[in-house]
Amino acid sequence: MAILDAALLDIAVETVRDRLSSGAVLVATEEERILGTVVLDDTHIEAIAVRPNRRGQGIGTALVDAASTRGRLTAAFRPGVSEFYESLGFDIERTGDRWRGVKPAAR
């Protein structure tokens, strides 16, 4: 939760707990330290965050790659992170004050 909170993501603790129990939270670690996490609702990315000092090192990419083994991914996000999603192959569209992305399933 600390990493998600540091990224100013609005996701409830209860949601994260529910996703943890169902195996829908993926975590990137190094020497038992959590570097980043992605919280999924089936194939929808509810939240993804990487420690600020570890951004730009491929951790978020690795988390999305691991999540994409589930199939086609979707995400809703703020405009400021659209380049991240676009770089990962998401098709991006604006929906009001947020953006939506769809990453086709790998073939």
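All of the numbers you see were taken from the coordinates with simple rules; none came from a lab. Only a predicted model underlies this, so the values are computations on that prediction, with no experimental measurement involved. No Cβ is skipped: glycine too gets one built from the backbone with ideal geometry, and neighbour counts run over all protein chains shown.
Couple of notes before you dig in:
- The string of couplings for segment 98-106 from the Karplus curve (6.51, -1.76, 1.60, θ = phi - 60°) is 10, 10, 10, x, 10, 10, x, 4, 5 Hz, one whole number per residue in order, with x for Gly and Pro.
- Summed residue charge, Cβ within 15 Å of ALA12's Cβ, Lys/Arg positive, Asp/Glu negative: -4
- Largest to smallest principal axis extent of the C-alpha atoms in segment 2-103, angstrom: 37, 28, 26
- Loop sites in segment 23-67: GluC sites (Glu not before Pro), DSSP, at most 12 other Cβ within 10 Å: GLU31, GLU32
- Spread over its residues, the convex hull of the C-alpha atoms of segment 41-82 is 75 Å³ per residue.
- Point-charge dipole on Cβ atoms (K/R +1, D/E -1) for the chain, about Cα centre, debye to 20: 220
- Loop trypsin sites (Lys or Arg not before Pro), segment 1-99 (other Cβ atoms within 10 Å of the site Cβ: 16 or fewer; DSSP): ARG55, ARG72
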